Amino acid sequence: MKNAQPRVIPRRQALRALALTAGAAAALPLAGLLGGSRAVAAESSGKASKAEVKYQDHPDGAAFCANCANFTPGPAPDAPGACLVVAGEISPKGWCLAYAAG
């Protein structure tokens, strides 16, 4: 019989695996939020519907679309823009569950 030696995992490989696992675990709630049944318009764009993310046309305290990392502004500061996550026109003064401070 051969001597069975335990396999040694290099520290860098272990840390990389830990970071990937933590990132995947952190993404699960967002994947659940964006998955499920989407509106027909949202399906064609690959984005979540406004109803799924509980979009509203008014801010939630100091959090609003104009200062969200997912927001793309319109041609004027008060003009509707677009969102990387939510389908449709987005008010710069709106807010939803996909808000990410930018």
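The values are calculated or read from the model by the stated rules, or taken from the named source; none is laboratory data. If you're wondering where the values come from, they're calculated on a predicted model, not measured in any experiment. Positions of Cβ are backbone-derived with ideal geometry, glycine not excepted, and every protein chain shown enters the neighbour counts.
Quick check on my filter: what residues within region 46-65 are touching a residue at least 40 places away in the same chain (Cβ under 8 Å), farther than 17 Å from Ala101 by Cα and hydroxyl-bearing (Ser, Thr, Tyr)? Passing the criteria: none in range.
Restricting attention to region 74-88, report how many residues are touching a residue at least 12 places away in the same chain (Cβ under 8 Å) and either under 16 Å from Ser49 (Cβ atoms) or surrounded by fewer than 15 Cβ atoms within 10 Å (Cβ to Cβ) (or both).
Counting residues in region 74-88 that are touching a residue at least 12 places away in the same chain (Cβ under 8 Å) and either under 16 Å from Ser49 (Cβ atoms) or surrounded by fewer than 15 Cβ atoms within 10 Å (Cβ to Cβ) (or both) gives 9.
Of the residues making up region 44-56, just one is over 16 Å from the mean Cα position of the chain (by Cα) and modelled with pLDDT under 95, namely Ser44.
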